[in-house]
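Derivation of every value follows stated rules applied to the coordinates shown; laboratory data play no part. These numbers come from a predicted model, not from an experiment.
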Amino acid sequence: MTIRKSTLVLVAVILAIATFACTACALADDYEYNCVIVDFIDAANIRDTANKNKVLGSIPAGTPIYVVEPGTFFSKVEYEGCIVLVFTEYIQEIEPGTVFHKPKKAPEKLYTLEGTTPYRVKLNMGTWINVRRSKSLDAGSSGQLYRGDFVYVRKITSDGWATIIYNNRARYIESKWLELVTDEMEVLETPVGSYKLVNPRNDGTHTVYLRKEASVYADIRTKVTFGTVVEVLEDYGAWALVNIPSIEKQGYMMTFYMEPYEGEEITANN
């Protein structure tokens, strides 16, 4: 049987393409990035560029990403071949050209609220507790809980830790900061009145977000500087509906950043 030269050339080309594809697959786990998702959260939501209220999924903490267009509130990010929006506060810059190797680990088990008991976080204003990834104060933090937050507890053990469901994952907090939810429990209130915005963390930040709804995922109306006086109109436990006379805006803010203010009344004309 005679094999034409053109056929041999075609086979050689196909083999070359296949070899290149295999090599590309082998190297596909290594990329160049300019940022990474911060590790103090479990994951950052990714949103549609055409509608930032539409959540498309999430990027796990520690995942390297490429920021295409930085923004004040949201940044455009290239992730798995798509351009999406991510909260800028969840992004940390890294040295340009840093090469990451994608870690290979088993996915975490996800939980429902079945079999859990509701508890409330009992803290003073201006304090918070970290949600830990294991039973240790030195363990990594998955987020924070604030005064009046409700959590769902799977179990409390004699070592002083409670296993809670946090973002559908098993996480841990010290049980001494919890109280069982009952019909007779005292209502934690932030009385209507004037409050001054403070930064209990002392982490160098100078502003706090005023949001359209009582949620960290709600749209941001504006940033408000610490030291500003706000008026609490309605209390929602960890959140309050506030009016800010100095900038003539209303919205929702975490009571964590408020302390009672007894100074001169602040108006929009002051």
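Using square roots of five times the C-alpha gyration tensor eigenvalues, list the equivalent-ellipsoid semi-axes of region 193-260 in whole Å, biggest first. Before the final figure, lay out each step's value.
Values: eigenvalues 48, 37, 30 Å².
One finds semi-axes of 15, 14, 12 Å for region 193-260.
So for region 193-260, averaging the separation of alpha carbon pairs under 8 Å that are six or more residues apart and normalising by length, what relative contact order in percent results? If you can, show how the numbers build up before the last one.
Details: 140 pairs, mean separation 25.1, N = 68.
Relative contact order here is 37 percent.
List the pair-distance distribution P(r) of region 120-180, using every Cα-Cα distance, as the percent of pairs falling in each 5 Å bin from 0 up to the bin containing the longest distance, rounded to whole percents.
That works out to 4, 21, 34, 28, 13, 1, in percent per bin.
Say the cut-off is 19 Å between C-alpha atoms; which of LYS54/LYS223; LYS52/LYS109; LYS109/LYS135; LYS122/LYS196 go over it? Present the calculation step by step, with values, prior to reporting the outcome.
Values: LYS54/LYS223 22 Å; LYS52/LYS109 28 Å; LYS109/LYS135 17 Å; LYS122/LYS196 22 Å.
Distance filter (> 19 Å) returns LYS54/LYS223; LYS52/LYS109; LYS122/LYS196.
Would you kindly state how much longer the chain becomes between THR49 and ALA139 on full extension, computed as 0.36 nm times their sequence separation minus their alpha carbon distance, in nm to one decimal?
Numbers: separation 90, 0.36 × 90 = 32.40 nm, distance 3.47 nm.
28.9 nm is the gain from fully extending THR49 to ALA139.
Under the definition of Cα pairs under 8 Å and six or more residues apart, what whole-number percent is the relative contact order of region 115-241? Display every interim value, and only then the final one.
Values: 228 pairs, mean separation 27.6, N = 127.
Once normalised by length, the contact order is 22 percent.
What per residue convex hull volume, in Å³, do the alpha-carbon atoms of region 110-227 yield? The partial results should precede the final answer.
Numbers: hull volume 16.9 nm³, N = 118.
Enclosed volume per residue, from the Cα hull, is 143 Å³.
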